[in-house]
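Participant: First the structure, which I've put down as structure tokens, then a few questions once you've had a look.
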Amino acid sequence: MENGTLCRVYDLLLDELGPQHWWPADTAFEVVIGALLTQQTKWTNVEKTIIGLKKNNLHEVQTLADADIELLKELVRSCGFYRQKASRLKEIASFFAEQGIENVFSMPMEGLRNTMLSLKGVGNETADVIVLYAANKPKFVIDAYTRRMMKCIGIEGNYMQLQRMFETELPEDIDIYKEYHALIVEYSKAYCGRKRCDECILKELNENGH
DNA sequence: CACCAGGTTGACC
DNA sequence: GGTCAACATGGT
């Protein structure tokens, strides 16, 4: 790409893993569902729930908004925090049903982000996942893996600071943002914590000495 | 058996 | 502005 540190990291990760083609979902609204469900849990748990939702025809905006809450809790159980997640899913679906999903996704980016943040259960990361992967607008997603990986190469900050760094240094490109976040997650899952830091492909960038 | 996972919230300083 | 316990199941 270009020659800042964050561009270099992107090139190294892409070279190591190849393109990831995220977010795994059939529809934009399914991205919203997945974004909420995957909070603090593994994607395999989310897959079970999404399959169950589809089996019960609850993966559409209106049917999910009208879903029986007890059935929803059962279906969401494998994702953890299932009481909260079930009711929040319903509320979010109701919001999209009332507003019209296309009207929501076609809002200007900052307005959309703030609107998502106003929904219960949607914080910075989930809002940005929706903005980037469902509404297809250039917002860089920060998560725990991103923070950890950046800390390893000597870059720290709060959510908005880290996001600003990525968005300032990288070209404003939706596909790069999508791919970059995916690469960080997949690389971290596969290598960090198991492999030692001195085997990390980012070690040449390490300014912390570990 | 202990610990963590692609996080958010509300209470507190 | 930052920190902390709750929230809960499933996999090492």
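Values quoted throughout were computed directly from the atomic coordinates according to the rules given, and no laboratory measurement underlies them. The model shown is predicted, which means the values in this text are computed figures rather than measured ones. Neighbour counts are summed over all protein chains in view; Cβ atoms, including those assigned to glycine, are modelled from backbone coordinates with ideal geometry.
Participant: Reachable aspartates and glutamates from A:LYS90, Cα under 16 Å, same-chain residues fewer than 8 places away excluded?
Facilitator: Partners within reach: A:GLU30, A:GLU60, A:ASP66, A:ASP68, A:GLU70, A:GLU74, A:GLU98.
Participant: Here's something else I'd like to know. Once Lys and Arg get +1 and Asp and Glu get -1 on their Cβ, which of A:LEU71, A:THR44, A:ILE130 lies farthest toward the positive end of the dipole of chain A?
Facilitator: About the Cα centre, the residue reaching furthest to the positive side is A:LEU71.
Participant: Using θ = phi - 60° and the Karplus form 6.51 cos²θ - 1.76 cosθ + 1.60, what ³J(HN,Hα) does each residue of segment A:36-51 get, whole Hz, x for Gly and Pro?
Facilitator: Ordered by residue, 3J(HN,Hα) equals 6, 5, 7, 4, 6, 8, 8, 4, 4, 5, 5, 4, 4, 5, 5, 4 Hz.
Participant: Against the empirical 2.2 N^0.38 Å scaling, what ratio does the C-alpha Rg of chain A come to?
Facilitator: Cα Rg divided by the expected 2.2 N^0.38 Å: 1.07.
Participant: Report Rg (one decimal) and Dmax (nearest whole number) for segment A:126-210, counting Cα atoms only, units Å.
Facilitator: According to the Cα coordinates of segment A:126-210, Rg and Dmax are 13.2, 40 Å.
Participant: Pairs of lysines 8 or more apart, or on different chains, with alpha carbons under 25 Å: count those in segment A:112-210, would you?
Facilitator: Taking the Cα cut-off of 25 Å, the pair count is 15.
Participant: Taking square-rooted eigenvalues a ≥ b ≥ c of the alpha carbon gyration tensor, is segment A:92-136 rounded, prolate or oblate, where a/c under 1.5 means rounded and, failing that, a/b exceeding b/c means prolate? Intermediate results must be reported in sequence, preceding the final value.
Facilitator: Details: a/c = 1.64, a/b = 1.12, b/c = 1.45.
Verdict is oblate for segment A:92-136.
Participant: Right, another one. Rounding to the nearest 20 debye, state how big the charge dipole of chain A is about its Cα centre with +1 on each Lys and Arg Cβ and -1 on each Asp and Glu Cβ.
Facilitator: The dipole magnitude comes to about 940 debye.
Participant: Highest mean first, what order results for A:107-114, A:130-137 on Cβ atoms within 10 Å?
Facilitator: A:130-137, A:107-114
Participant: Still on this model: For segment A:145-210 and segment A:9-44, what is the separation of their Cα centres, given in Å?
Facilitator: Cα centroid to Cα centroid, the span is 15 Å.
Participant: Which residue, chosen from A:ALA144, A:PHE81, A:PRO171, occupies the Cα position most advanced towards the positive end of the dipole of chain A, where the dipole is computed from +1 (Lys, Arg) and -1 (Asp, Glu) charges on Cβ about the Cα centre?
Facilitator: Checked the options; the winner is A:PHE81.
Participant: Please compute the length gained on full extension between A:GLU74 and A:GLU204, using 0.36 nm multiplied by the number of residues separating them and subtracting their Cα-Cα distance.
Facilitator: Between A:GLU74 and A:GLU204, full extension yields an extra 42.1 nm.
Participant: Quick one: 3J(HN,Hα) in Hz for segment A:89-101, Karplus 6.51/-1.76/1.60 with θ = phi - 60°, rounded, Gly and Pro as x.
Facilitator: Rounded to whole hertz, the list is 4, 4, 5, 5, 4, 4, 4, 5, 5, 5, 7, x, 4.
Participant: From Cα coordinates alone, what are the radius of gyration and Dmax values for segment A:1-72 in angstrom?
Facilitator: Calculated on Cα positions, Rg and Dmax stand at 17.0, 53 Å.
Participant: Let me ask something additional. Cut-off 10 angstrom, C-alpha nodes, Gaussian network model of chain A. Which of A:ASP173, A:ASP128, A:ASP198 fluctuates the most?
Facilitator: A:ASP198
Participant: What is the magnitude of the charge dipole of segment A:1-61 about its Cα centre, with +1 placed on the Cβ of each Lys and Arg, -1 on the Cβ of each Asp and Glu, and no other charges, expressed in debye to the nearest 20?
Facilitator: Once rounded to the nearest 20, the dipole reads 380 debye.
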